[in-house]
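Trainee: Could you have a look at this structure, given as structure tokens, before my questions?
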Amino acid sequence: MAGNLRTVVSFEVGRTLSKPRFWIVTLLIPVMIGAVFGLSAWSSASTASSADQQASARFPFEYQDASGIIVPSIASAAGGVAQSDAAQGLADVQAGKVDAFIQYPANPSTETVTIAAKDIGLFGNGRYDAVAAALLTASAKQGISDPTLAAIASGDVTTQTTAYDGAQESRGFAAAIPPLLYLVLFYLVLVLLYQQMLAATLEEKENRVTEMILTTITARSLVAGKIISLFVVGIVQMLVFATPIAVAYAFFRDQLSLPALDLSTLVFDPGKMIIGALVLVGGFALFTGSLVAVGALMPSVKDAGPISAVFMVAMFVPLYTLTMIISDPGAPIIGIFTFFPWTAPVTVLARNALSSLDLLSAVIVIVELYLVAAVVLWLAVRFFQYGAVEYGRKLDPRVILRSMRSRRTTAA
Amino acid sequence: MSSVAEPVVEVEHFRMAFGAKTVIEDLGFEIGRGETFGFLGSNGSGKTTTIRALLGITEPTAGRLWIDGRPFRPQASGRLGYLPEERGLYRKESVVDTMVYFGRLKGMTASAARSWSLAYLERVGIPELARTRLDKLSGGQQQKVQLGVTVMNEPELLILDEPTKGFDPVNRRLLMGIVEEQRRAGATVMMVTHQMEEVERLCDRILLLKDGVARAYGSVAEVQEAFGGTTIRFRHDGTLPSPATIPGLEGVRLIADRDGEAEIAPPPGTDPAAVLAALVGAGVRVSAFAPVRRSLDSIFVEIYGEHAGEGE
């Protein structure tokens, strides 16, 4: 039994890893992640620089100040000239004499500053708001004689929070990041292996290999071998993702402008890490079993697609409640997602990382996940066995279960 | 029930029902070690269902189906070569990888399976295709690989479900040659086929299944005897009167009469000379006359009708 299980695992793993397509897809992921991060960093830097440029832009404008806050010398330095007649200010803009006319109300903290300006494009028009606001802030700071108060007024304040869990200092994100990696792993593995899980037993049916194979190995060993091989392939994919990232971080951090993370600040809470690992494995087993069972009932991957999509939806829906998991973990929907088997892995992995999961709930979910996964895997094997010779036909699980019951009755 | 000295396959009181429909009813037979057994029947008569239940692919509703004294379990049972009616291979894999995989599942080491596979491919004339993906092979080449997978690891029991179905004449000859080889090497062969000449040539014993019930079971000679044993073929001029109206030929059945060629089935123990005398006495001008053993083909047609084998 163990020998044939090993044979199935080595065959399945070998043929997956020997395909160029596997390596192309697997290597594309870190490349794409790198590209997205790079674009995002470039975009943030570019946006910040653009905002700064807009705020310090110099162009001819007129202004009317009902508040008395604007300091004329500052306005003049920015290209501004006072204008007491609002109609004339607007006329000057329309005639192209100045680029903008800014009207500061009597109380700019409660009333709106209005701007009439020459259109220079959707993004270029942003400079008028930026200059109007910058002029007001600079003038306001001028009115505060104490430099400390002036700095505080401009929001130049640094804070440091130390939270306590009982008498123990809480480590915040440093403690959340390691268990959150389980969630990332869960998503990556399932998204990448989803198709393979679904097709695990379909290939035998589609190629009419089932009968020959089932005379050399039991359905249980075959399905187990395929699931183990999926797990092995998943680990290989994880390593492939991690390797370029680790190499880039270790040797090219400066060239790539990667932030210098202090990994020593990360906190590996053993309780959270164990709960996360157990939920990850249980969730993987549950989703694998579910997708293999769907595949066993269907004649082709195409037919299995729509039904398997239900499981993918169940996997992604809890993501939409992530803010609620942080702000209101006691909400009924979070409770439902925590204990419903197919939404539990994502919800519980997130709650575990964000410290909103009590130990009892964690134990209940872990036991539930393993029990449901065992039942689903058992059903997957039965469906595969019963559907083994139903080439080209969809199977009705109710008929299979009825048939199993009637055989037990006959045997008794 | 016919019993054999050393049964490899034992089927007793086998019943199979799908819902309210019973497709096999109280079937029983045995196959002895080293025997070649023909498992015959028209399409839909229950042959494949019986084989699948025997091999544990489907569960029987009732009855005992044993191989080597116990229910078949992959790996726990002896060496088996099975060529199913619905057959295929891993189409995206190479020929040799697929053969090695099956060889290892059948208990061979990887190196032994590889050596055997390469030697087999050499023998069947496609050694250059060892590294080729199966879906790039022609239908006939795939059949050769399929056959190789079936006979890997020197099977003690070969179960062939319509082995020549879909095979071209070259592969059919190759297949039958390999079956002969396995027989000579002492393998037990259970064969489902519609090719009656193959059955007469190869099989020691046969079972004819109709609508899930055994209609005939025994050695080929026993079955021929049970269905009229010997028939008489003769050539005649003019119209042949019904044998039942000819004095001395009471109980003789007319099987065929076309273009002056007739075949009649006399009751067991009838002297052919007496039949000839009666025909001549009745004025029939006989120009050729020969007693022959009744063909399995004609027995098959008698049991299943002219349209047997034309679909489920």
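Trainee: Over the protein assembly as shown, consider all pairs of different Cα atoms and compute the Kirkwood hydrodynamic radius from their mean reciprocal separation; express it in Å, one decimal.
Mentor: 33.3
Trainee: Let me ask another. Which log10 I(q)/I(0) values, to two decimals, does the stretch B:40-80 give at q = 0.31, 0.34 Å⁻¹ under the Debye formula with one point per Cα?
Mentor: Summing over Cα pairs of the stretch B:40-80 leads to -1.09, -1.19.
Trainee: Next up: Output the Cα-based Rg and Dmax of the stretch A:88-158 in Å, rounding Rg to one decimal and Dmax to a whole number.
Mentor: Here Rg and the maximum Cα pair distance are 15.0, 47 Å.
Trainee: Also, I was wondering about something else. What angle do you read, to the nearest 10 degrees and between 0 and 90, between the alpha-carbon axis of helix A:270-297 and the longest principal axis of chain A?
Mentor: With both axes taken from Cα atoms, the answer is about 60 degrees.
Trainee: So how long is each side of the stretch A:186-314 along the principal axes, counting just the alpha-carbon atoms, biggest first, in Å?
Mentor: 57, 35, 31
Trainee: Grab the alpha carbons of chain A, take their convex hull, and tell me the volume per residue in Å³. Working shown, then result.
Mentor: Working: hull volume 102.3 nm³, N = 412.
That works out to 248 Å³ per residue.
Trainee: Let me ask another. Rounded to the nearest 10 degrees, what's the angle between the helix A:173-199 long axis and the longest principal axis of chain A, both from Cα atoms, 0 to 90?
Mentor: Approximately 50 degrees, to the nearest 10.
Trainee: Still on this model: What does the buried accessible surface come to for A and B, summed over both chains, with the probe at 1.4 Å? Round to 100 Å². Spell out each step's value before the answer.
Mentor: On the way: alone 23230 and 15190 Å², together 35540 Å².
Using a 1.4 Å probe, the pair buries roughly 2900 Å².
Trainee: Please get the size of the charge dipole for the protein assembly as shown, origin at its Cα centre, with Cβ charges of +1 on Lys and Arg and -1 on Asp and Glu, quoted in debye to the nearest 20.
Mentor: 1160
Trainee: Sticking with this one: State, in angstrom, two size descriptors of the stretch A:118-157 derived from its alpha carbons: Rg to one decimal place and Dmax to the nearest whole number.
Mentor: Answer for the stretch A:118-157, Rg first and Dmax second: 13.7, 40 Å.
Trainee: Rank these residues by their accessible area, most exposed first, probe 1.4 Å: A:THR338, A:THR323.
Mentor: Descending accessible area places them as A:THR323, A:THR338.
Trainee: Relative to the compact-globule scaling 2.2 N^0.38 Å, provide the ratio for the alpha-carbon radius of gyration of the stretch B:192-312.
Mentor: Normalised Rg, Cα atoms only: 1.17.
Trainee: Follow-up. Rounded to the nearest 20 Debye, what is the dipole magnitude of chain A about its Cα centre when Lys and Arg each give +1 and Asp and Glu each give -1 at the C-beta?
Mentor: So the magnitude is around 2580 debye.
Trainee: Could you give the dipole magnitude of the stretch A:92-248 about its Cα centre, charging the beta-carbon of Lys and Arg +1 and that of Asp and Glu -1, in debye to the nearest 20?
Mentor: Details: 9 positive and 13 negative charges, 87 e Å.
The dipole magnitude comes to about 420 debye.
Trainee: Then there is this: Can you tell me, using C-alpha contacts under 8 Å and at least 6 residues apart, the relative contact order of chain B as a whole percent?
Mentor: 20
Trainee: Can you list the equivalent-ellipsoid semi-axes of chain B, largest first and in whole Å, using the square root of 5 times each Cα gyration tensor eigenvalue?
Mentor: Square roots of five times the eigenvalues give 43, 23, 17 Å.
Trainee: Taking only Cα atoms, what is the 0 to 90° angle, nearest 10, from helix A:20-55's long axis to the longest principal axis of chain A?
Mentor: Its long axis makes an angle of about 10 degrees.
Trainee: Let's test the formula: R0 of 30 Å, r as the Cβ-Cβ distance of A:ILE74 and A:LYS97. What FRET efficiency results, to the nearest 0.05?
Mentor: 0.85
Trainee: Expressed in nm², what is the orientationally averaged projection area of the convex hull enclosing the Cα positions of the stretch B:243-312?
Mentor: Mean orientational projected area (the stretch B:243-312, Cα hull): 5.7 nm².
Trainee: I'd like the carbon and sulfur percentage of the solvent accessible area for the stretch A:195-320, probe radius 1.4 Å, heavy atoms only, ligands and nucleic acids excluded.
Mentor: The value for the stretch A:195-320 is 74 percent carbon and sulfur by accessible area.
Trainee: Could you give the accessible area per residue of the stretch B:204-312, probe 1.4 Å, as a whole number in Å²?
Mentor: Result: 53 Å² per residue.
Trainee: Could you check the spin-label model distance between B:ARG184 and A:LYS19? Points 7 Å from the Cα along Cα→Cβ, value in nm.
Mentor: 4.3
Trainee: Can you give the accessible area per residue of the stretch B:1-138, in Å², using a 1.4 Å probe?
Mentor: Heavy-atom accessible area per residue stands at 41 Å².
Trainee: Any of A:LYS205/B:LYS136; A:LYS226/A:LYS394; B:LYS144/B:LYS210; B:LYS165/B:LYS210; B:LYS92/B:LYS144; A:LYS19/A:LYS205 with alpha carbons more than 25 Å apart? Name them for me.
Mentor: Over 25 Å apart, Cα to Cα: B:LYS144/B:LYS210.
Trainee: Suppose we look only past 21 Å in the calculated P(r) of the stretch A:266-412. What percent of the Cα-Cα pairs does that tail hold?
Mentor: Numbers: 5534 of 10731 pairs.
Beyond 21 Å sits 52 percent of the P(r) for the stretch A:266-412.
Trainee: Mind checking the log10 I(q)/I(0) for the stretch B:44-144 at q = 0.10, 0.14, 0.19 Å⁻¹? Debye, one equal scatterer per Cα, no solvent, two decimals.
Mentor: Reported log10 I(q)/I(0), two decimals: -0.37, -0.68, -1.00.
Trainee: Would you be so kind as to list the residues of the stretch B:95-135 that have their accessible area lowered by at least 50 Å² in the full protein complex compared with their chain by itself (1.4 Å probe)?
Mentor: Buried by the other chains: B:TYR101, B:PHE102, B:ARG104, B:LEU105.
Trainee: Regarding the stretch A:99-212, what's the average projected area of the Cα-atom convex hull, expressed in nm²?
Mentor: Value for the stretch A:99-212: 18.5 nm².
Trainee: Counting Lys and Arg as +1 and Asp and Glu as -1, what is the net charge of the other residues whose Cβ lies under 15 Å from the Cβ of A:ALA91?
Mentor: -2
Trainee: Treating the Cα atoms of the stretch B:22-97 as identical point scatterers in vacuum, please give the log10 of the normalised Debye intensity I(q)/I(0) at q = 0.13 Å⁻¹, two decimals.
Mentor: With no solvent term, the Cα-only Debye profile gives -0.50.
Trainee: Put +1 on the Cβ of each Lys and Arg and -1 on the Cβ of each Asp and Glu in the stretch B:54-120; which of B:ALA113, B:PRO74, B:THR98 then has its Cα farthest toward the positive end of the dipole?
Mentor: In the stretch B:54-120, that residue is B:ALA113.
Trainee: Rounded to a whole number of µm²/s, how large is the Stokes-Einstein D of the stretch B:136-258 at 25 °C and 0.890 mPa s, given Rh as the Kirkwood radius over C-alpha pairs?
Mentor: It diffuses with D of about 137 µm²/s by this estimate.
Trainee: Summing Lys, Arg as +1 and Asp, Glu as -1, what charge do residues with Cβ under 10 Å from the Cβ of B:ILE264 carry, B:ILE264 excluded?
Mentor: The answer is 0.
Trainee: What percentage of all Cα-Cα pairs in the stretch B:1-62 are separated by more than 14 Å?
Mentor: 58
Trainee: Heavy atoms only, 1.4 Å probe, whole protein assembly: order B:ARG173, B:ARG15, A:ARG127 by accessible area, highest first.
Mentor: Per-residue accessible area, sorted high to low, gives B:ARG173, B:ARG15, A:ARG127.
Trainee: Excluding ligands, DNA and RNA, what is the solvent-accessible area per residue of the stretch A:62-138 at a probe of 1.4 Å, expressed in Å²?
Mentor: Averaged over the residues of the stretch A:62-138, the accessible area is 52 Å².
Trainee: P(r) of the stretch A:204-250 in 10 Å steps, Cα pairs, percent per bin?
Mentor: 23, 31, 20, 15, 10, 0
Trainee: Roughly to the nearest percent, how much of the accessible area of chain B is carbon and sulfur, given a 1.4 Å probe?
Mentor: 49
Trainee: Let me ask another. Compute the projected area of the convex hull of the Cα atoms of the stretch B:156-213, averaged over all viewing directions, and report it in nm² to one decimal place.
Mentor: The Cα convex hull of the stretch B:156-213, projected and averaged over all directions, gives 4.4 nm².
Trainee: Put +1 on the Cβ of every Lys and Arg and -1 on every Asp and Glu Cβ in chain A; which of A:LEU297, A:TRP23, A:GLY283 then has its Cα farthest towards the positive end of the dipole?
Mentor: A:LEU297
Trainee: How many percent of Cα pairs in the stretch A:180-235 exceed 14 Å? All intermediate terms of the calculation are to be shown ahead of the outcome.
Mentor: On the way: 927 of 1540 pairs.
Here the tail beyond 14 Å accounts for 60 percent of pairs.
Trainee: All other residues with a Cβ under 13 Å from the Cβ of B:ALA110 taken together, and with Lys, Arg as +1 and Asp, Glu as -1, what is their net charge?
Mentor: Local net charge: +3.
The values are calculated or read from the model by the stated rules, or taken from the named source; none is laboratory data. Computed from a predicted model, the values in this text were never measured in an experiment. Backbone-built Cβ (ideal geometry, glycine too); neighbour counts: all protein chains shown. For the accessible areas, the whole protein counts, side chains as well, though only heavy atoms, and no ligand, DNA or RNA atoms are used. Shrake-Rupley method; radii C 1.70, N 1.55, O 1.52, S 1.80 Å.
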